[in-house]
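> Let me give you the structure first, and then I'll get to my questions.
The values are calculated or read from the model by the stated rules, or taken from the named source; none is laboratory data. What you see is a predicted model; the values in this text were computed from it and never measured. Counting neighbours? That spans all protein chains shown, and the Cβs are built from the backbone with ideal geometry, glycine included.
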Amino acid sequence: MGEAGRIFLLNSPYPVDEIWGRLPEPVRRTLVEKKIELWVVDAQRIASEAHLGTRINTVMQVCFFALSKVLPVDEAIADIKGAVVKTYGRRGQTVVDHNIAASTRLSPGSPGCCPPKPRPAAMTALSRLQRRAALRARGHLGPDRRPG
């Protein structure tokens, strides 16, 4: 999973404050060790509210441009709207309007795409015991030697 200092965008139906606890431990470890910034969006809910059903591509594109800073967000949204008209125009104005509604729900300053709340300090770094247990499970360490 990604290089250090990268951003990971997760589409999830769970509330932001539950995400960290729902991620598998190896994923949490990788995010912490590689200092990967985790962002969460409920693209399915946003697409559904915009009457797009399960089609989340427009929502995810807006998040991508907002997080990657490849283009200024306003410019990216304008480009996405132009692409929506070109791509979906033959399907009718309703389809175009729904896709544009989805793209504007995540305009700058909206709360749709957000990082999880700060992790408790205990979750930020792996404990020494967790690291040892992980190494032991991979066969890199022998059993604990405790004085008897």
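> Which one of the conditions (1) assigned to a loop (DSSP other than H, G, I, E, B); (2) touching a residue at least 40 places away in the same chain (Cβ under 8 Å) does P13 fail to meet, given that it meets all the rest?
The one condition P13 does not meet is (2).
> When segment 25-47 is examined, which residues are found to be assigned to a loop (DSSP other than H, G, I, E, B) and either closer than 23 Å to S103 by Cβ or modelled with pLDDT under 85 (or both)? Full working, then the answer.
Narrowing segment 25-47 to residues assigned to a loop (DSSP other than H, G, I, E, B): 34-36, 42.
Matches in segment 25-47: K35, D42.
Yes/no matrix, rows are residues, columns are (1) acidic (D, E); (2) touching a Gly at 6+ places or on another chain (Cβ under 7 Å); (3) under 22 Å from T104 (Cβ atoms); (4) in contact (Cβ under 8 Å) with a residue 24 or more places away in the chain:
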site	(1), (2), (3), (4)
G21	no, no, no, no
L38	no, no, no, yes
H51	no, no, yes, yes
V59	no, no, yes, yes
F64	no, no, yes, yes
L67	no, no, yes, yes
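> Would you call D74 assigned to a helix (DSSP H, G or I), among the charged types (D, E, K, R), within 20 Å of H98 (Cα to Cα) and modelled with pLDDT under 85? If you could, list the steps in order and put the result at the bottom.
Numbers: assigned to a helix (DSSP H, G or I): yes; among the charged types (D, E, K, R): yes; within 20 Å of H98 (Cα to Cα): yes; modelled with pLDDT under 85: yes.
Criteria met by D74.
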